[in-house]
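Bear in mind that the values in this text are calculations on the coordinates, not laboratory data. Treat the numbers as computed from the prediction; the structure is a model and nothing was measured. Glycine gets a Cβ as well: all are built from the backbone with ideal geometry, and neighbour counts include every protein chain shown.
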Amino acid sequence: MNRRSFLSFSPTETEVKKAYSPMVNPPETGLDSYNGVWELPQAAHLLRRLMFGAKWEDVQFFLGLTPSQAVDYLLNPTAPPPPLPVNDYNEAGFVDPDVPMGETWVNAPFSDTFEGSRIWSLKAWWQGNMIEQDRSIMEKMILFWHNHVPIQFYGVFSANWDYRYLNTIRQGALGSIRQLIRNLTLDPAMLHYLNGQYNSAGSPDENYARELQELFCIGKGPDANFTEDDVKAAARVLTGWRVNYNNNTVIFNHFEHDSGIKLFSSFYNNAIITGYTGQNGMQELDELLDIIFGNDECALFLCRKIYRFFVHHEIDDLTEENVIIPLAEILRNNDYQIKPILEVLFKSQHFFDALSLGAMIKGPADYTIGLYREFNTPIPPRPALVDRYQHNGTLTYVSFVQGQEVGDPPNVAGWPAYYQIPVFDKIWINTNTLPYRAQFADWILWAGVSTENYISQLNILDTVAQIPNADDPNVLIDTVLDWMYGIEVSNTLKFQLKAILLSGQISDYYWTDAWNTYLNNPSNQMATETVRNRLLLFFYKILHQEEHHLA
């Protein structure tokens, strides 16, 4: 692909798909424990997949552990949940009367006027959580579950319910999948989003019952042979659940519940739910989930979704046999606890196989948040309410134009890049989103994202200063590429990067002397600008390669 400026041309769809197309075939290895090389590319690969981006200091921390220890650490978060979102949206002539500036709106009464601002505040809050995440998989798991069992924040149009939905996911993200689905089934936002609160004995609403099977638990594969009658029976089981608008609690109205016998197809072994009168809605719900999670296809489907989100979009027959089927067995044997399968998968030869590195196109959240984290770019602190709201709201918009506005996936199936056969993650890159990615990279590299009192700009000088032997241009180039790409690149690219560091000269000394002069006297403006200008062009080149869009 011609290296024309992304700001000055619109690539054709053919150019885009050809240039940004990682290897299709998945690795042939299986789930045996990885015991291979544990160096910069492998550690960065692990962090890019389980977190957002791979910060240098995080990579160095995990290189001090074994691969198995690193996975254990990432799967066992110890950090407390983030502080509650607050009113950071007040401005002159627009003041929320129910929530003082700086106080949380989480328990505030519903407001037609301010609900939209609270929801935008929630999205901005979420962006900040991802940037400031701890060394764990938690934030990535929240995005996974949000995509897998989604709502649309503005479709629900209740910031309180949207926040509770996110909190439900956070609390159950690394626990029992069955329990998480149960909790989300009775979540106020979900009951509203998929019409559960309108589901009654006299007029069953099949919306959630269908998605529970088709999208959340069983899927639409060739062996997902549940029937229309199964959908209808499940809908009858789920009748009667309501949201109490006075206190935002979920209640069961047995007068609206269908207490008749529910019959399921041979796909579910002709199971029967007898039906109960009185306040026994929870018992029927549990029996329904037992029926669904007792079907072997449920574990297979969930393992495929996890695999495609974290490892590789393609699942061929060998991957099904070597990875998916044994993972599903582990999942069933552990009563649908998710950690055991994540441990096996992320510690496997398959996950660290050379064919897994750089095999996925970064989604907008991975691309944008990863940029911030890899360059350790500061954002306005939480006490700086207005600046943080403006900054993180900008990132929400940036993700939106790139095709992934967190909180509002396009529909109940989530983002197409995670499921749409056969293109999958290639959906992230098209003639519309690619220039937006490039523009954002240029913006945060050259000028920074500005608010009233703050500028968030890629911290390139400090980024390079943390790299050992950065005064050697060859070491610097190899280290940065191993860290930020983790895959082989052409010698031509390395030559071009070196030419930038040397300002077109021949001897390595031209970079070594400039860098050491800066380190020895960083207050010297001329010395600082000399290395800064070279590094701006150096990272511009790196950020505009196809490889930078891969994880």
Legend entry - Nonlocal amide H pairs with Ser348, under 5 Å, H built at 1.01 Å: Tyr34
Legend entry - Debye log10 I(q)/I(0) at q = 0.21 Å⁻¹ for region 78-202, Cα point scatterers: -1.25
Inset, instruction - Using the Karplus curve 6.51 cos²θ - 1.76 cosθ + 1.60 with θ = phi - 60°, work out ³J(HN,Hα) for each residue of region 156-171 in order, rounded to whole Hz, and write x for Gly and Pro. - result: 6, 6, 8, 4, 4, 5, 4, 5, 4, 4, 4, 5, 4, 5, 4, 5
Inset, instruction - Could you list Trp483, Trp415 in order of exposure, starting from the residue whose Cβ has the fewest other Cβ atoms within 10 Å? - result: Trp483, Trp415
Legend entry - Neighbour cut-off at most 13 other Cβ (10 Å), DSSP loop, chymotrypsin sites (Phe, Trp or Tyr not before Pro), region 208-265: Tyr245
Legend entry - Residue pairs, from the table Lys220/Lys362; Lys140/Lys347; Lys220/Lys339; Lys140/Lys541; Lys305/Lys347, whose Cα atoms sit over 22 Å apart: Lys220/Lys362; Lys220/Lys339; Lys140/Lys541
Legend entry - Length released on extending from Thr277 to Leu263, taking residue separation times 0.36 nm less the Cα-Cα span: 3.3 nm
Inset, instruction - Using label points projected 7 Å from each Cα along Cα→Cβ, tell me how many nm separate Thr227 and Asn270, to one decimal. - result: 1.1 nm
Legend entry - Stokes-Einstein D in µm²/s, Kirkwood radius over Cα pairs - region 414-551 at 37 °C with 0.692 mPa s viscosity: 196 µm²/s
Inset, instruction - Pop a pseudo-label 7 angstrom from the Cα along the beta-carbon direction at both Ala465 and Thr492 and give the gap in nm to one decimal. - result: 3.6 nm
Legend entry - Projected area averaged over orientations for the chain, convex hull of C-alpha atoms, nm²: 27.0 nm²
Legend entry - Tail fraction, Cα-Cα pairs, region 52-137, threshold 20 Å, whole percent: 50 percent
Inset, instruction - Quote to one decimal, in nm, the extra length available between Glu91 and Asn244 on full extension: 0.36 nm per residue of separation minus the C-alpha distance between them. - result: 51.9 nm
Inset, instruction - Consider a paramagnetic label point 7 Å from the Cα of Thr78 along Cα→Cβ; state which residues of region 129-157 have an amide N under 17 Å from it. - result: 133-138
Legend entry - Net lengthening on full extension, Asp286/Ile455 (0.36 nm per residue, minus Cα-Cα): 55.7 nm
Legend entry - Convex hull per residue volume in Å³, alpha carbons only, for region 340-403: 132 Å³
Inset, instruction - Do me a favour and compute the ellipsoid semi-axes for region 20-73 from its Cα gyration tensor, root of five times each eigenvalue, largest one first, whole Å. - result: 21, 16, 9
Legend entry - Per-residue ³J(HN,Hα) for region 401-415, Karplus 6.51 cos²θ - 1.76 cosθ + 1.60, θ = phi - 60°, Hz, x for Gly and Pro: 5, 8, x, 8, 7, 4, x, 9, x, x, 6, 5, 7, x, 7
Legend entry - Share of pairwise Cα separations in region 458-500, more than 14 Å, in percent: 50 percent
Legend entry - Kirkwood Rh and Cα Rg combined as Rg over Rh, evaluated for region 279-360: 1.08
Legend entry - Ranked by how many other beta carbons lie within 10 Å on average, peptides 528-538, 497-507 from highest: 528-538, 497-507
Inset, instruction - Report the calculated FRET efficiency for Thr104 and His254 (r = Cβ-Cβ distance, R0 = 25 Å), to the nearest 0.05. - result: 0.15
Inset, instruction - Please list the equivalent ellipsoid semi-axes of region 64-103, computed as the square roots of five times the alpha-carbon gyration tensor eigenvalues, in descending order and whole angstrom. - result: 43, 9, 6
Inset, instruction - Would you mind checking which residues have amide H under 5 Å from Trp241's amide H? H placed 1.01 Å from N; only 5 or more apart, or other chain. - result: Asn253
